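All remarks here apply to the structure that follows.
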Amino acid sequence: MSNLLVIKDKVTRYAKEVFNVVMIDDDGDLVIPYESTKIFIRVFEREVEAAGEAFWNENQLSRTVVYVWAPTIFDVKPSNELYKWVATEGADFFYGHCKVTGFGDSGNVQVLFEITIPGDTIDPGELKQALLAVAFTADDLDDELQKKFGGKRVDDN
């Protein structure tokens with residue numbers, strides 16, 4: 001049986017304990033404006049192959065995932081320097097990491113800062129730490145990365 005709705009409710013309540021504005025977008029994700037960025041939270045259930053079902057059950061592994069991310073820069077021309085930064089400095093955070101994803105049809109990319117945590121056992125402190133880590137880091141990185149690689153910040157729109 002799925003805990004998805006219960007976990008979504010918990011995540012929403014915990015987020016509202018830290019941030020005054022917590023909205024829901026058209027995809028059902030939570031959106032939290034923070035300084036020059038926005039934090040997104042998606043709660044979803046992982047698919048488990050039938051062959052692995054017994055293993056997941058036996059080890060009490062979480063099927064529900066809480067994915068927290070924020071854009072740092074977007075509409076950026078991809079470059080070797082950008083990918084090198086993401087693979088080295090962008091992966092060298094105590095909590096969370098950066099990744100590059102596509103952005104639109106132009107061939108440009110965006111850099112996200114993200115954290116993924118298990119949802120079935122989530123507690124308030126764990127989610128709040130993830131939210132604040134993403135918020136603070138993305139808000140700092142967007143200025144730094146824009147200077148290095150160009151592109152836009154959320155606040156630039």
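Take segment 52-81 and flag every residue that is in a loop (DSSP other than H, G, I, E, B) and over 14 Å from residue 116 (Cα atoms). Don't jump to the end; show me each part of the working.
Taking segment 52-81 first, the residues in a loop (DSSP other than H, G, I, E, B) are 59-63, 77-79.
Scanning segment 52-81 gives 59, 60, 61, 77, 78, 79.
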Those residues of segment 33-51 which are farther than 14 Å from residue 72 by Cα and not in a helix (DSSP H, G or I) amount to 41, 42, 43, 44, 45, 46, 47, 48, 49
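Residue by residue through segment 130-157, note down the ones that are over 21 Å from residue 89 (Cα atoms) and surrounded by fewer than 19 Cβ atoms within 10 Å (Cβ to Cβ).
To start, the set of residues in segment 130-157 that are over 21 Å from residue 89 (Cα atoms) comprises 154-157.
Result: 155, 156, 157.
Test residue 14 against the stated conditions and say whether it is farther than 14 Å from residue 135 by Cα and either in contact (Cβ under 8 Å) with a residue 12 or more places away in the chain or aromatic (Phe, Trp, Tyr) (or both).
Spelling it out, residue 14 is indeed farther than 14 Å from residue 135 by Cα and either in contact (Cβ under 8 Å) with a residue 12 or more places away in the chain or aromatic (Phe, Trp, Tyr) (or both).
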Among the residues of segment 102-120, the number that are among the hydroxyl-bearing types (Ser, Thr, Tyr) and surrounded by 15 or more Cβ atoms within 10 Å (Cβ to Cβ) is 0
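Throughout, read-outs are computed from the coordinates displayed, never taken from laboratory work. Here the structure is a predicted model, which means the values were calculated and not measured. For neighbour counting, all protein chains shown are included, and Cβ atoms are generated from backbone atoms with ideal geometry for every residue, glycine included.
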